[in-house]
Every structure is written in C-alpha cells, then in structure tokens.
Amino acid sequence: MIAYDINGRSYSLNESNLGGGEGKLYSVANHPELYAKIFKEEKRTRGREAKILEWEYMFEANELDKNFSDQVVIPRKCLYSQKSGQNIQTFLGYLMEKQTSFKVLKDVYVENDLSYAQKVWAARNLCILTNRVHSAQRGITIGDYNADNIVIFPQTSTAKFIDVDSFQLTIHRSNKRILCPCTVGVPEFMAPEIARRLKKEKTDLENVDQDADNPVFNKYTDLYAMAYHIFALLMNGSSPFASMANMEEISQHPSKNVSSIDIDQFHAAEKGEFVFARHLLFKKAPEYAPKYKMLSPELRKLFERAFIEGAKNPKVRPEAKEFYDALTEYLESLEECHCGHYGHYMPSTYTGECEWCRIENLK
Ligand SMILES: [Zn+2]
C-alpha cells in the first residue's frame, strides 16, 4: 500500500499483525523507526483528520517541547491515499515513531518480573507524564487515559503515551476555540461524572453534545484516571473500587445473602464507596490487594480525595505534583523485606508481616 503525506512524499506500507479496534499498524519501507496507523474506513472521519493535522502542525512548528515529544508518541504526518491536488484524496491515518521493548501498563500492574519498588517508580513517572501533558502550551487533555494506552519501559520504568490520536485538543481559529474531542474511553478508567452525564443525556462518547466550554473530558477526569493507575500499581492490580462480600458480617444478618450484596465497581465509583478507607457494611477489600494501611498516611489522604471526595467534587482530586511528592517519600521508605523473596519490598515503618508473602500464599 502506498500513502502520501501532505507534501506529496510517498511511503510504502506493509501491514503488520498489530493494531486495535480503530485500525491497523503498518511498517514503513526504508523507515524502520516509524509505524503508520491506518484507520478502518468508518473511523476515517473529518474530526480525526483535523486532529491529526493539528498534531502535525504543532510538531512541525516546534510548539511541543522535546520532553513532551519524547514521552508522548505524537502523530507526525497525516497520511492520504493520493497526492494532494488529485481528485479523490482520502484520509487514511498517520505516521508515528515506532516503540519497542515495552510492556503495557495493564500488564505492569501485576508483573512479577518488576519489583514493588519499580512499580512505585513507574507510578511516579505517570505523574511526570500527566503533568507534562497538562502543562503543554496548548490545552491538551488525555481523555482516554486507559491502561492499554500507556507503555512502560522496564529497564528504566519510564512511561510513554501511545495511541495519542485519541487525546483531546482545542484548536484556535480566528478567535474561536474549536474542540477536537476524545470520543473513546474505557468505562473503568473514566471519572464517575462522565458516566453520570452520558446516562443523564442518554447518549455516548461519540454522540454527546459538547464544545470547548463544556467538554466531557478535562484535566480533572485525567486526574481521576491517573489516581486509578497509581492505586492499581501500588495495590497489586486492584481497582480502587474492587470489593468482595464480607461473609462474617453477612452471617450475622440472616436476611442477607451473598447475591444481594452490590459489588458493582461502577456503582461504587459513582457513590465514592472506597472500601479500602471506609467501612461499608457487608463488603471488604479484596484479598489479593495488600493492606491499605501499608501505604503512607500521605498517600492514603490523596487516594481518599481522589475516590471519596472527588466522586462529588472533581476539583479536589490531587494534582500530579502532589502524588509525585507522596510517592517519592513512599519510595524512600521501602526496604527489601526480611522474608528474603525477590521483589518483596515493604515500608520500613510497617510493623505487620510481609504482605507479598501473604498474597502469594492465597494461590
Ligand atoms: Zn515476602
């Protein structure tokens, strides 16, 4: 397949077996450092094209600093089926830098080859990454901040965003602000106010009525997802809203049975029912998560702001810098546990048994 950039330069593309719901990745002949993402036909919309062209413009005009483009795999060139000026010029996708030797964040949560300290380090790098996106000159929002869109390089625990074409941009044109919205998302990582709005307006992310003054995704919805990923990295892959039935409490209430206990994560997230910090009748934290009190008081305070108070008031969710500082302090407190097993780190101030041994013994 041959594709052209906006200047008429041609690229010879070969289909790979990589890709996702929106399109496929192609290798680029003579450019081993690049990949092309070619959208499925129904995804080749004007909205997507406008957004890719804006990324290309920002990149070429050096509007994004080097740190940003080092950590965010941005669309470099918009690709078309024909040279410009020809009759039928169809938008196809874009070129980006190829990434190798990484693990997606979702796998890092529970990866045994990485020590706990490395996971805390990766969590800290997520804070840097989030802050980098939010402090770019343009108002850029991550939007679909999901665990498949972030890759971690195990050698250094550094993080990068991939699939950046979903990010939300605001374009300034002749004194107008035009929203290029993010129209995809994974429910688990979306702040509860998004689910509430979509339910109320009986719509979905593709069709919701939004503009630059009232976008679905914003800085605070990103901060929710960031807190979620930090929690999962620190808590052995547990969602902040995972829970299990508390059999002891249920047995004391003859009218109750296990099936009547609501352990739905989405309900819990909307109500701010963070079972790790609050006692909720008939429910308890899952066994596979380490004890919440293992985390430092500072980290616990931040999680409670993110998941309890933040459910009602998104603006109280902690900033990336606050999590960064708390994680730095926590990282410094970690010691290899006296149990002697590889990767078992515990805070030096924690007086209980090794939580990682306890979790391994559950298997
Ligand atoms: Zn241990």
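The values are calculated or read from the model by the stated rules, or taken from the named source; none is laboratory data. Bear in mind that the values here come from a model prediction, so they are computed numbers and not experimental data. Counting neighbours? That spans all protein chains shown, and the Cβs are built from the backbone with ideal geometry, glycine included. For accessibility, only protein heavy atoms count, side chains too; no ligands or nucleic acids. Shrake-Rupley method; radii C 1.70, N 1.55, O 1.52, S 1.80 Å.
Kindly evaluate VAL208 against the criterion of being closer than 21 Å to GLY20 by Cβ and in contact with an Asp or Glu (Cβ under 9 Å, 6 or more places away or on another chain). Considered against the rule, which asks whether it is closer than 21 Å to GLY20 by Cβ and in contact with an Asp or Glu (Cβ under 9 Å, 6 or more places away or on another chain), VAL208 comes out as no.
Test ASN17 against the stated conditions and say whether it is at pLDDT 95 or above and among the polar types (S, T, N, Q). No; evaluated as a whole, the condition is false for this residue. Considering only residues in segment 121-167 that are touching a strand residue (DSSP E or B) at 6+ places or on another chain (Cβ under 7 Å), more than 15 Å from ASN67 (Cα to Cα) and among the polar types (S, T, N, Q), the one that is surrounded by the most Cβ atoms within 10 Å (Cβ to Cβ) turns out to be ASN149.
Tallying residues that are within 16 Å of the ligand (Cβ to nearest atom) and open to solvent by 50 Å² or more (accessible area, probe 1.4 Å) within segment 297-342 yields 6. Would you confirm, using the coordinates I've provided, whether GLN168 is of a type outside the set (A, V, I, L, M) and more than 15 Å from the chain's Cα centre (by Cα)? Answer is no for this residue.
If you go through segment 247-283 and keep only what is out of contact with any helix residue (DSSP H, G or I) (no Cβ under 8 Å at 6 or more places or on another chain), crowded, with 16+ Cβ neighbours inside 10 Å, within 26 Å of PHE189 (Cβ to Cβ) and not hydrophobic (A, V, I, L, M, F, W, C), you end up with just LYS283. Checking each residue in segment 25-62 for being closer than 28 Å to GLU206 by Cβ, open to solvent by 30 Å² or more (accessible area, probe 1.4 Å) and out of contact with any Gly (no Cβ under 9 Å at 6 or more places or on another chain) picks out TYR35, GLU41, GLU42, THR45, ARG46, GLY47, GLU49, ALA50, LEU53, TYR57, PHE59. Please name all residue pairs, on different chains or six or more residues apart, with Cβ atoms under 6 Å, provided the first residue is in segment 313-341 and is in the same structural domain as PHE303 (by TED's automatic domain parsing) and under 16 Å from ARG300 (Cβ atoms) and the second residue is loosely packed, with under 12 Cβ neighbours inside 10 Å and not β-branched (Val, Ile, Thr). These pairs meet every condition: SER333/SER348. Going through segment 343-360 one residue at a time, which ones are open to solvent by 100 Å² or more (accessible area, probe 1.4 Å) and either within 9 Å of the ligand (Cβ to nearest atom) or not assigned by TED's automatic domain parsing to the domain that holds ALA306 (or both)? Within segment 343-360, just GLU353 meets the criteria.
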